[in-house]
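Following: one structure in structure tokens, then a few remarks.
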Amino acid sequence: NIGVASQLGMDSSAVYLVLPLTTGGGVVGLSTVQAMTTPEITAQLDSAEAAEKRKYTKYGDVAEQKSAVQAALMWNWVYNPIEAGPFAPVSRSWDFAQGNKDKAWGYVMFDWDTIFASYMLSFDAKELAYSNFIQVIKGKTAAGFVPNFSVGTQKTEIHSQPPVGSKVLLEMFRRHGDKWMVELLFDDLLGWNGWFIAKRTGCGGTGEMSKLICLGGEDMQNARYESGLDNSPMYDGEDYFDNSSGQMQLYDVGMTSMVAMDAEALAGLADILGRPEGNMLRKRAEELRTLVSKDLWDQEMGIFVNKFSRNASFFRRISPTSFYPMLTGGPSSAQVEAAISGWMFNRTRFCIAASGDFLGNSD
């Protein structure tokens, strides 16, 4: 219908199917499978919807939250021919692509955002989870690390984000048992963990503590981006970034803990494949978590705190990363108790309870 196409601003030389949608209950059904009546199409859709809702029952009291998270993930699910498969970017509205003639093809993949999306997808849609996960890990740079963001051939070449990939891959393997995924990505993840050891230690310090991890990048802001907590006030200030090394002169509790967690997960993946790197990775994880427990524990504050490398003084800005050492199994029972009771469950601090936020808070 050339007239309708013209009214809609469409190419009138193309072929279109124009169907009138009348008020008063008019229904149009389209099937790409076989010839079907509208009632048959409606019945099939109703059956599929009921089957989908039955999947939520196993989540019990959090079934509604599962439904909401899944809806958000699937809304962001896209395909772009420049990538190897479909994926779930952090948002459809974030577009770092350059030179697109059509903004519909715009996207950007961030590191740990996309990895967390894979973990959430893996509960019920492993194929989608795998496609998403492969895109972000195989987007690594020539230097061997997964970039902070990637879009086609454009990616960050200096700074990364927290290495949570090995832990997520290990959890997906435990759930689905697909060894081929581990074989496909193990060396990429191994290189990423090693990059942190090679490029994010030293931190302007000396001695044993210089084995701890710090954040880095082209400048202070990009180093903040590497944390995954882009605008956290924990990293306010400019006077502790060293331009020559491209590192914050700050031993970082959160990043050190995540590199240790990643190394431990990598050791588990190595065992699955029968690879010899397992012992080396366990020693790396043990060394890092021991250093965190010994050198980044602030006895006066009763919690783990980042520390300046230049004078070994604590930078007393407490954030959720102060609890990350618990991901490694390194802290003593006394340290865990002090951090949980003194900070996490404290009404004047993080104010979290095992059963949810405290009721009756003024804030």
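The values are calculated or read from the model by the stated rules, or taken from the named source; none is laboratory data. Predicted model only: the values in this text are computed from it and were never measured. We place every Cβ from the backbone using ideal geometry, glycine too, and count neighbours over all the protein chains shown. Each accessible area value is taken on the protein alone, full model and side chains, heavy atoms only, with ligands, DNA and RNA left out. Shrake-Rupley method; radii C 1.70, N 1.55, O 1.52, S 1.80 Å.
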Condition broken by residue 80, with the remaining ones in (1) in contact with a Phe, Trp or Tyr (Cβ under 9 Å, 6 or more places away or on another chain); (2) open to solvent by less than 80 Å² (accessible area, probe 1.4 Å); (3) assigned to a helix (DSSP H, G or I) satisfied: (3)
Entirely in segment 95-205, the helices (runs of 4 or more DSSP H) that have 2 or more residues that are without any contact (Cβ under 8 Å) to a residue 24 or more places away in the chain: 179-199
Failed item in (1) open to solvent by 60 Å² or more (accessible area, probe 1.4 Å); (2) in contact (Cβ under 8 Å) with a residue 12 or more places away in the chain, with residue 268 passing the rest: (1)
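Yes or no, residue by residue, for (1) at pLDDT 95 or above; (2) of a type in the set (A, V, I, L, M); (3) within 20 Å of residue 137 (Cα to Cα); (4) touching a helix residue (DSSP H, G or I) at 6+ places or on another chain (Cβ under 6 Å):
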site: 68; (1), (2), (3), (4): no, yes, no, no
site: 74; (1), (2), (3), (4): no, yes, no, no
site: 77; (1), (2), (3), (4): no, no, yes, no
site: 89; (1), (2), (3), (4): no, no, yes, no
site: 98; (1), (2), (3), (4): no, no, no, no
site: 119; (1), (2), (3), (4): yes, no, yes, yes
Exclusive hit being open to solvent by less than 20 Å² (accessible area, probe 1.4 Å), aliphatic (A, V, I, L, M) and modelled with pLDDT of 95 or more, set 273, 250: 250
Residues satisfying the stated conditions in segment 142-163, i.e. buried (at least 20 other Cβ atoms within 10 Å of the Cβ) and under 29 Å from residue 174 (Cβ atoms): 145, 146, 147, 148, 149, 150, 160, 161, 162, 163
In segment 225-234, the residues that are part of a helix (DSSP H, G or I) and open to solvent by less than 20 Å² (accessible area, probe 1.4 Å): 226, 234
Qualifying residue in segment 130-141 (condition: of a type in the set (Ser, Thr, Tyr), within 18 Å of the chain's Cα centre (by Cα) and buried (at least 20 other Cβ atoms within 10 Å of the Cβ)): yes
Test: residue in segment 288-300 that is modelled with pLDDT of 95 or more, within 30 Å of residue 177 (Cβ to Cβ) and open to solvent by 10 Å² or more (accessible area, probe 1.4 Å): yes
